[in-house]
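Heads up: the structure comes next, in structure tokens.
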Amino acid sequence: MNNIESIENIISKARTMGCEIKQDEPLSKFTTFKIGGAAAAVVTVNNVKELSEILSLCKQNNVQRMVIGNGSNLLVSDEGYEGIVIKLDGDFKNITIDGETIKCGSGVTLASLCKFARDNSLSGLEFAWGIPGTVGGAAFMNAGAYGGEMKNVVMSTSYINDDGAAGTYIGEENKFSYRYSIYSENNYVITGVTFKFKTDDPELIKERMDDYMSRRRSKQPLDYPSAGSVFKRPDGYFAGGLIEECGLKGYSIGGAQVSEKHAGFIINKGGATCSDVCKLVEHIQKTVKENKGVELECEIRRIQ
């Protein structure tokens, strides 16, 4: 059975399960960079059972798969993705609360969770206000900003592996470190996250959230498509500062440009391709290495 037949087999079975399916769907629709060729199929699942079956089918048919949240940290190849892209909906958007503990599906946006925590007088996630990702994606890469990180508030994560089996990682089992978690190693699919917060005055929580959002708007190029910060923070430096010191602010290749507002961002000025971004990333890395002696490591996940 060739790959096309394998994919058609998965699509056929997904239809019988009631999953929404879009074939030859441009992934530029699903990424904040607005870049990416078509996927063989985008399958939307609504519960753990459907997700488990799709993952098992992909493994059985030797078809690559990728779960995509808000697509805020992805750079997808211009040639697209020759596999199944899985979107999480339905049960994966649920949020429940018990005292200072919140449980939510991995498809919940960070914006929704931040608002929910604030409205229930729970503090700890203010740093994430304005990060354009989902809970699952944020846990996967231990997202952080302004001194806060997901690891500071995550109690446990639930997952499904490629065999369709479910499990849970508690506390240090998640192996959180800078922009890293155990999921960076095993690529299991996060299905839900349990958080532990602290009770605080909702007005004070709102003030902190507003402060962080104001800082983002003043420093980050939010008016253009991007994938957020491009490079990990090198020890003892700030990537954006190094890039700016090398005179690369505003430097462009094709439709991709080093932001004139924040040199740590590459923006899509219009019609940028994955190739444009990759060439620009390589130029930045080469220039910073030659001029500053520092190697910049890319933070964005490249999908091809």
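Counting only residues that are of a type in the set (Ser, Thr, Tyr) and surrounded by fewer than 21 Cβ atoms within 10 Å (Cβ to Cβ), which one in segment 29-75 is nearest to Ala272 (Cα to Cα)? The qualifying residue nearest to Ala272 (Cα to Cα) is Thr32. Residues in segment 149-183 that are under 27 Å from Phe231 (Cα atoms), touching a helix residue (DSSP H, G or I) at 6+ places or on another chain (Cβ under 8 Å) and open to solvent by 80 Å² or more (accessible area, probe 1.4 Å): Lys151, Lys175. Contact map, segment 282-301: first residue farther than 15 Å from Arg233 by Cβ, second residue open to solvent by 20 Å² or more (accessible area, probe 1.4 Å) and among the aromatic types (Phe, Trp, Tyr), Cβ cut-off under 9 Å, separation 6 or more or different chains; pairs are His283/Tyr251; Thr287/Tyr251. The set of residues in segment 128-160 that are of a type in the set (A, V, I, L, M, F, W, C) and under 16 Å from the mean Cα position of the chain (by Cα) comprises Ala128, Trp129, Ile131, Val135, Ala138, Ala139, Phe140, Met141, Ala143, Ala145, Met150. Elements of the type strands (runs of 3 or more DSSP E) sitting completely within segment 237-304 and holding at least 2 residues that are closer than 30 Å to Gln64 by Cβ, modelled with pLDDT of 95 or more and in contact with a Lys or Arg (Cβ under 8 Å, 6 or more places away or on another chain): there are none. Scanning segment 92-118 for residues that are under 16 Å from Asn46 (Cβ atoms) and in contact with a Gly (Cβ under 6 Å, 6 or more places away or on another chain), we see that the one that is most open to solvent (accessible area, probe 1.4 Å) is Lys93.
Residues in segment 157-208 that are without any contact (Cβ under 8 Å) to a residue 40 or more places away in the chain, of a type in the set (A, V, I, L, M) and within 20 Å of Arg301 (Cα to Cα): Ile182 alone. Annotation note: Cβ proximity below 9 Å between a residue of segment 212-239 that is touching a residue at least 40 places away in the same chain (Cβ under 8 Å) and a residue that is in a helix (DSSP H, G or I) and open to solvent by 70 Å² or more (accessible area, probe 1.4 Å) (sequence gap 6+ or interchain) occurs for Tyr237/Lys292. With respect to the stated conditions, Gly228 fails to be part of a loop (DSSP other than H, G, I, E, B) and either out of contact with any Gly (no Cβ under 9 Å at 6 or more places or on another chain) or modelled with pLDDT under 95 (or both). Restricting segment 121-132 to residues that are part of a loop (DSSP other than H, G, I, E, B) and either touching a helix residue (DSSP H, G or I) at 6+ places or on another chain (Cβ under 6 Å) or open to solvent by 60 Å² or more (accessible area, probe 1.4 Å) (or both), the residue that is farthest from Leu74 (Cα to Cα) is Ser121.
Each row is one residue, and each column tells you yes or no for (1) at pLDDT 95 or above; (2) not in a strand (DSSP E or B).
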site: Arg15; (1), (2): no, yes
site: Gly18; (1), (2): no, yes
site: Val42; (1), (2): yes, no
site: Cys58; (1), (2): no, yes
site: Asn70; (1), (2): no, yes
site: Glu82; (1), (2): no, no
site: Ile86; (1), (2): yes, no
site: Thr96; (1), (2): yes, no
site: Lys103; (1), (2): yes, no
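Regarding segment 188-207, can at least one residue be identified that is under 19 Å from Gly228 (Cα atoms) and surrounded by fewer than 15 Cβ atoms within 10 Å (Cβ to Cβ)? Within segment 188-207, not a single residue is under 19 Å from Gly228 (Cα atoms) and surrounded by fewer than 15 Cβ atoms within 10 Å (Cβ to Cβ).
The values are calculated or read from the model by the stated rules, or taken from the named source; none is laboratory data. All values derive from a computational prediction rather than experimental measurement. Don't worry about glycine lacking a Cβ; one is built from the backbone with ideal geometry, like all the others, and counts go over all protein chains shown. Keep in mind that these areas ignore ligands, DNA and RNA; they rest on the heavy atoms of the full protein, side chains included. Shrake-Rupley method; radii C 1.70, N 1.55, O 1.52, S 1.80 Å.
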